[in-house]
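**Student:** Questions regarding the structure given below will be posed in turn.
What follows is calculated from the coordinates using simple rules that are stated; it is not laboratory data. What you see is a predicted model, and the numbers here were worked out from it, not measured in a lab. Please note: Cβ atoms are built from the backbone with ideal geometry, for glycine as well, and neighbour counts cover all protein chains shown.
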């Protein structure tokens, strides 16, 4: 991952300054090149006891057996990134490109795999006196701090809609059970300089179409390309014996649905505090038309009318004397239904409880063990489902 994301992971998830260091660096003329990333994989057992699933639910249903076994990457994909930086004409400039190769296939003659991604391709320019501008594809702004504080970023969390038996590029972590995925967006974004702990970011974003878990309950392809989307976030950080960060953000985009044009919008607020070896996180969001799990997923019904949604999570971690981080986290994401949704099995809420242990075997290598209980409740009370997910594996940053 790029240095900004590595720093966030180090501060919010790993609590280890060593991981915030640059990767493998070298000088190339006027440029400094940084090659960085991670490799991870987990043995996962997913135990499910239900045969029906709510539309948009994130628990898994059983098919031929109650359990599904897989070797797969976790929430954070294996990652290889290249960042080149230089300073010219009183400007700090950089370019970042990254690759995310898949780590699992489910059949013979698939050794090359097909689930390879390119999540980043962006440039930046700026100066510490006035801030910086980012142009290109990178992690979105709304929901970004929520996912970077999620302890399952180093693990598995929920397998959810991405599958139960390998062959996927990532799992879901807490996506859809406490926050909406920030995702990877084309953007032009400005970030202010650090003003005694205060920082503001505003981005003009590629507008997206809404998507649907099922055409029976949602508009399958509703969107807008005549106006940009907008996202922003403000944060304040402080240090000391009681260190922490508070943040608030928004998402806004016009979406054409039915006979009308509506503006999907959402707001978020969160806090992360550290006292000695204890870290506490609380986060919440609320929106209309933004849906659940992914931005604009199931946000509109089959008439093109908006649905309301909200959710959040709380998390506590503690680093014991051996350096192992122990954590517990609980979150939920709710989706309201409209009159036209009656009897269609639309998800009412997805919840997940996760208990995890994250042990730094070296300053770069972490061993991970997690247990997650995922429940999906439907509005019709018939299509409820539950999964218990056990995982163990390792993740190495460089």
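**Student:** How high is the FRET efficiency from residue 118 to residue 318, r the C-beta distance, R0 25 Å, rounded to 0.05?
**Tutor:** Step by step, r from the Cβ atoms, then E = 0.10.
**Student:** So for each of 329-338, 363-372 I average, over its residues, the number of other beta carbons within 10 Å; can you give me the resulting order with the highest mean first?
**Tutor:** Ranked by mean Cβ neighbours within 10 Å, highest first: 329-338, 363-372.
**Student:** Quote the FRET efficiency, to the nearest 0.05, computed for residue 204 versus residue 31 with a Förster distance R0 of 25 Å and r equal to the Cβ-Cβ distance.
**Tutor:** 0.35
**Student:** Sorted by packing (mean other beta-carbon atoms within 10 Å per residue), highest first, where do 140-148, 262-270, 27-35 land?
**Tutor:** 140-148, 262-270, 27-35
**Student:** By how many nm would the segment from residue 90 to residue 269 lengthen if fully extended, with 0.36 nm per residue of separation less the alpha-carbon distance?
**Tutor:** 60.9 nm
**Student:** Given R₀ = 51 Å, FRET efficiency for residue 214-residue 43 by Cβ-Cβ distance, to 0.05?
**Tutor:** Efficiency for this residue pair is about 0.95.
**Student:** Right, next: Counting only helical runs of four or more DSSP H residues, what would the 222 nm mean residue ellipticity of the chain come to if each run contributes -39,500 (n - 2.57) and the total is spread over all its residues?
**Tutor:** Dividing the helical sum by the residues of the chain leaves -500 deg cm²/dmol.
**Student:** Here is a follow-up. What residues of segment 307-331 lie in the reach of a label at residue 282, counting those whose backbone N is under 16 Å from a point 7 Å from the Cα along Cα→Cβ?
**Tutor:** It comes to 311-317, 329-331, nothing else.
**Student:** Along each of its three principal axes, how wide is the spread of alpha-carbon positions in segment 272-398, in whole angstrom units, largest first?
**Tutor:** The Cα atoms of segment 272-398 stretch 55, 28, 26 Å along their principal axes.
**Student:** Shape verdict for segment 147-219, please, from the Cα gyration tensor: rounded (a/c under 1.5), prolate (a/b greater than b/c) or oblate.
**Tutor:** Judged from the Cα gyration tensor, segment 147-219 comes out oblate (a/c at least 1.5, b/c at or above a/b).
**Student:** With a ≥ b ≥ c taken as the square roots of the eigenvalues of the C-alpha gyration tensor of segment 223-326, please select rounded if a/c is under 1.5 and otherwise prolate if a/b is larger than b/c or oblate if it is not?
**Tutor:** prolate
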